[in-house]
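Values in this text are rule-based calculations from the coordinates and carry no lab data. The structure presented is a predicted model; accordingly, all values stated were derived computationally and were not measured. Glycine also receives a Cβ, built like all others from the backbone with ideal geometry; neighbour counts cover every protein chain displayed.
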Ligand code: NDP
């Protein structure tokens, strides 16, 4: 099996030298296990946290271990009655070309229902994150205004399109004119470029009645531009802070925490963080039903950014955190 192991904890943007390329024979499956050949590897922002030993909601990847990650794989050998060779499954094989996994952690995929890569994006964890965070925490009502950044990514694009299906006015924020044009194509009511100057002024024009739900994907200057536009009783599902994952030092002063807490008080805001796993037991099945229908009926569109070759994974990952991806970031290991 070809593998990327974590060699060092990255300082700032991860570099190729932070990873070690290795080749090892794949481990034969025990009873209840399945040997898999990786077809597609998902690259997701949370992996930056796993590369670091700063305190987080999940344990870091140990130095010398294979980097973790969701995978779409083909069953090579099965020692479980539930799977047979040739089947395609969703698993958690990591950055490697073969993996040996417990059968109970795998989900069979039907390529006739949807392209199997969608299990890593719109019909998988990122799509579910959008669905759960928006509905359970954002709770938008028809007619309200919902804003989201990283809006062409798998989470943000689903947030905007689901909000639109719920009858909301949607404001998408992305980096660059090509992404903004795509947001318009997706049906966002307003599409703003956070790289093209005064975002606060752009927001004033795009959301003249203010923002009722801000789905927080990025933090940093985008959040600062959003805050003055939040309406009384606005809800902010805090999903991710992609703008800060490679930060090597705290932002320049002054300390803005007191002003933020003051705003929360004056405007009766709800800021509520979440990790999507919290909602899996109560919402995942309904998500799969709803999202599969929406995708099949063309009500939700999605875009994938697929690079061929496991050897490319470090660069592809680093590029994504800087906005170099356009859609769900996937590495094709063996199509
Ligand atoms: P994306 O594919 O959207 O990639 C991240 C995007 O963040 C980049 O493409 C870029 O988009 C944007 N970005 C990076 N730096 C900045 C910046 N300085 N200012 C503004 N935007 C920036 O990722 P996902 O859709 O997979 O994830 C989106 C967010 O959701 C992430 O924060 C992720 O950590 C979080 N998440 C949280 C989960 C949870 O359970 N809480 C689960 C899954 C994801 P652009 O070019 O448009 O600026």
*Would you check if there is a residue in the range 291-308 being surrounded by fewer than 16 Cβ atoms within 10 Å (Cβ to Cβ) and more than 29 Å from residue 136 (Cα to Cα)?*
yes
By residue number, the members of the range 162-179 that are out of contact with any helix residue (DSSP H, G or I) (no Cβ under 6 Å at 6 or more places or on another chain), in a helix (DSSP H, G or I) and more than 6 Å from the ligand (Cβ to nearest atom) are 163, 164, 165, 177, 178
Could you tell me whether the range 90-100 includes any residue that is surrounded by fewer than 14 Cβ atoms within 10 Å (Cβ to Cβ) and in contact (Cβ under 8 Å) with a residue 24 or more places away in the chain? no
Residue 12: passes all of (1) more than 16 Å from the ligand (Cβ to nearest atom); (2) exposed (fewer than 14 other Cβ atoms within 10 Å of the Cβ) but (1)
Every listed condition ((1) in contact with a helix residue (DSSP H, G or I) (Cβ under 7 Å, 6 or more places away or on another chain); (2) under 26 Å from residue 12 (Cβ atoms); (3) touching a residue at least 60 places away in the same chain (Cβ under 8 Å)) holds for residue 219 save (3)
By residue number, the members of the range 54-75 that are farther than 21 Å from residue 313 by Cβ and assigned to a strand (DSSP E or B) are 75
Does the range 152-160 include one or more residues that are more than 10 Å from the ligand (Cβ to nearest atom), closer than 21 Å to residue 123 by Cβ, assigned to a loop (DSSP other than H, G, I, E, B) and under 22 Å from the mean Cα position of the chain (by Cα)?
no
Note on the range 27-45: residues surrounded by 18 or more Cβ atoms within 10 Å (Cβ to Cβ) and not in a strand (DSSP E or B) are 29, 43, 44, 45
Within the range 180-214, residues free of Cβ contacts under 8 Å to residues at least 40 places away in the same chain and either within 11 Å of the ligand (Cβ to nearest atom) or on the phi > 0 side of the Ramachandran plot (or both) come out as 180, 183, 187, 192, 193, 195, 197, 199
Selection from the range 118-151 of residues assigned to a strand (DSSP E or B) and more than 8 Å from the ligand (Cβ to nearest atom) yields 145, 146, 147, 148
Test result for residue 140, closer than 30 Å to residue 87 by Cα and touching a helix residue (DSSP H, G or I) at 6+ places or on another chain (Cβ under 6 Å): no
Residue count, the range 308-326, condition more than 16 Å from residue 69 (Cα to Cα) and either touching a helix residue (DSSP H, G or I) at 6+ places or on another chain (Cβ under 7 Å) or more than 15 Å from the ligand (Cβ to nearest atom) (or both), comes to 3
For residue 255, the lone unmet condition from (1) surrounded by fewer than 19 Cβ atoms within 10 Å (Cβ to Cβ); (2) within 16 Å of the ligand (Cβ to nearest atom); (3) over 19 Å from residue 204 (Cα atoms) is (2)
Counting only residues that are exposed (fewer than 11 other Cβ atoms within 10 Å of the Cβ) and in a helix (DSSP H, G or I), the range 228-241 contains a total of 0
